[in-house]
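The values are calculated or read from the model by the stated rules, or taken from the named source; none is laboratory data. Values in this document were obtained by computation on a predicted structure and should not be read as measured data. Cβ sites come from the backbone with ideal geometry, for glycine too, and all protein chains shown count toward neighbours.
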Amino acid sequence: MKKIFSIVVAALVAITGFAQSKAPQSVTDAFHAKFPDALNVKWDKEGKHEYEAGFDWNGKKCSANFSDTGEWLETESPLSFTDLPERVRGGF
């Protein structure tokens, strides 16, 4: 029973460490160059060669993905219906 408990604890520690990964310096430098005013930045590893930053920016919760070499891949941020261009809103 002790052995199973130890294995479970080790697995949970490993999963927690993977979920909150520290991004390489090239990634954090690229992030700060693109989002210098970002607050509350939290990093996750998205795949073998990709990192995602969750952060607050201009009063919104956003996320941005970077390759492990610092290449910006995408940014996600909330958008309200009224923020859409008139032509797009007219299609609904």
Pairs only if they're at least six apart or on different chains, beta carbon under 7 angstrom, first in the range 26-52 and at positive phi, second modelled with pLDDT of 95 or more; list them, first residue then second.
-> N40/F55; N40/D56
Among the candidates D37, D56, D68, single out the residue that is out of contact with any Lys or Arg (no Cβ under 7 Å at 6 or more places or on another chain), loosely packed, with under 12 Cβ neighbours inside 10 Å and not β-branched (V, I, T).
-> D37
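Scan the range 31-45 and tell me whether some residue there is modelled with pLDDT of 50 or more, among the small types (G, A, S) and over 15 Å from W57 (Cβ atoms).
no
Of everything in the range 48-72, what is among the hydrophobic types (A, V, I, L, M, F, W, C) and out of contact with any strand residue (DSSP E or B) (no Cβ under 8 Å at 6 or more places or on another chain)? Give them in sequence order. Let's see the steps before the verdict.
Keep residues of the range 48-72 that are among the hydrophobic types (A, V, I, L, M, F, W, C), which gives 53, 55, 57, 62, 64, 66, 72.
If the condition is that a residue be among the hydrophobic types (A, V, I, L, M, F, W, C) and out of contact with any strand residue (DSSP E or B) (no Cβ under 8 Å at 6 or more places or on another chain), then no residue fits.
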Reported set for the range 46-80 where residues are of a type in the set (A, V, I, L, M) and at pLDDT 95 or above is A53, A64, L73
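Please verify whether the range 19-28 includes one or more residues that are outside any strand (DSSP E or B) and at pLDDT below 55. Give the steps one after another, and end with the answer.
Residues of the range 19-28 outside any strand (DSSP E or B): 19-28.
Next, from what is left, pick out any that are at pLDDT below 55: 19-20.
Yes, that holds for at least one residue.
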